[in-house]
1. Keeping to the stretch 120-131, report how many residues are in contact with a Gly (Cβ under 7 Å, 6 or more places away or on another chain) and within 20 Å of Asp31 (Cα to Cα).
2. Inspect all residues belonging to the stretch 107-119 and state whether any of them is in contact with a Gly (Cβ under 9 Å, 6 or more places away or on another chain) and among the hydrophobic types (A, V, I, L, M, F, W, C).
3. Looking only at the stretch 139-159, which residues are part of a loop (DSSP other than H, G, I, E, B) and in contact (Cβ under 8 Å) with a residue 60 or more places away in the chain?
4. What are the residues in the stretch 160-207 that are free of Cβ contacts under 8 Å to residues at least 40 places away in the same chain and basic (Lys, Arg), if any?
5. Select, from Glu104, Glu181, Glu113, Glu149, the only residue that is within 16 Å of the ligand (Cβ to nearest atom), at pLDDT below 95 and either touching a helix residue (DSSP H, G or I) at 6+ places or on another chain (Cβ under 8 Å) or aromatic (Phe, Trp, Tyr) (or both).
6. Out of Arg165, Arg176, Arg170, report the one residue that is of a type outside the set (Asp, Glu) and either surrounded by fewer than 14 Cβ atoms within 10 Å (Cβ to Cβ) or modelled with pLDDT under 95 (or both).
7. Look through Arg215, Arg199 and report the one residue that is in a helix (DSSP H, G or I), surrounded by fewer than 16 Cβ atoms within 10 Å (Cβ to Cβ) and not acidic (Asp, Glu).
Amino acid sequence: LTGSAQRYDTIGTGYAQRRREDPRLRRAIEDALVGATSVVNVGAGAGSYEPADVRLIPIEPSGVMVRQRSRDARPAVRAVAAALPLPDACVEAAMTVLSLHHWEPHQREGVAELCRVARRKVVIVTIDPAVSASMWLLADYLPEVAEMEHRIFPPPRTICSWIDRDCAVRVVPVPRDTPDEMLLSFWAHPERVADASARAATSGFARQPTEVVERVVRAVEEDLQSGAWERRHGHLRQLAEYDAGLRLIDATLAPR
Ligand SMILES: C[S@@+](CC[C@H](N)C(=O)[O-])C[C@H]1O[C@@H](n2cnc3c(N)ncnc32)[C@H](O)[C@@H]1O
């Protein structure tokens, strides 16, 4: 396992504490899986969002992430998306949650693998980089991450064109109180920018050089102190959820 597949051996420490499952995102995934009884979860990480009571095959390249799986989670197969060690059409559904952007330069091959192993459904949770770029953190403070997201997140419609089957793109608003503290969750928590362990649990911050991170922390702290952040973005404090760019691609390969 080389390159991007090893990234989480460096940045994955502490992931399971800050990136706990969000019940609303779980529900959206379960709705899309509609009763599938066998599921492969690619980029399974510490096991969030894995459906219960199904024959589950978690696929995960990083040892650091595999070690954060709970004792009752299914053991993960150590492999990468672009070469799943599974036969054709061996499960009803394939899912992947916030992992596809790490598969470069083999994202299209990885999506083809999801379609090869699944008979009925492919469910992909990803980010629309055109939408996430307009969130205050990326727009005002972190253009480096907006630029990176444009590079590593294929637009959802592009992913659908790779699947080339009946495909819906659903908006998944990010709740203010989500326990899955992904970078998008910072929309509601500017104070979180100053928290090193919160930053470390997001690959957006974790992939930036120290100088960039220090610059952003300083700028956000200054703007919070001076009231500039409140003046520009204080209206967000009233919202319970926000479209920060999270998307669920729900592809039907064959009818039930
Ligand atoms: C942001 S984490 C998401 C983990 C989990 N799906 C969740 O929602 O909590 C991304 C995961 O993708 C895995 N990953 C990175 N490159 C991969 C690849 N080429 N194939 C499969 N998984 C990969 C990482 O090791 C990491 O566990």
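The values are calculated or read from the model by the stated rules, or taken from the named source; none is laboratory data. As the structure is a computational prediction, the values presented were derived from the model and not from experiment. Cβ placement follows ideal geometry from the backbone for every residue including glycine, while neighbour counts extend to all protein chains displayed.
1. Qualifying residue count, the stretch 120-131: 1.
2. no
3. Leu142, the sole residue that qualifies.
4. Arg192, Arg199
5. The unique qualifying residue is Glu104.
6. Result: Arg165 is the single residue among Arg165, Arg176, Arg170 that is of a type outside the set (Asp, Glu) and either surrounded by fewer than 14 Cβ atoms within 10 Å (Cβ to Cβ) or modelled with pLDDT under 95 (or both).
7. Values: Arg199 fails: surrounded by fewer than 16 Cβ atoms within 10 Å (Cβ to Cβ).
Unique residue meeting the criteria: Arg215.
Here's the yes/no breakdown for (1) more than 18 Å from the chain's Cα centre (by Cα); (2) more than 17 Å from Ser4 (Cβ to Cβ):
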position	(1), (2)
Glu104	no, no
Ala130	no, yes
Asp166	yes, yes
Pro173	no, yes
Thr178	no, yes
His189	yes, yes
Arg192	yes, yes
Arg207	no, no
Val212	yes, yes
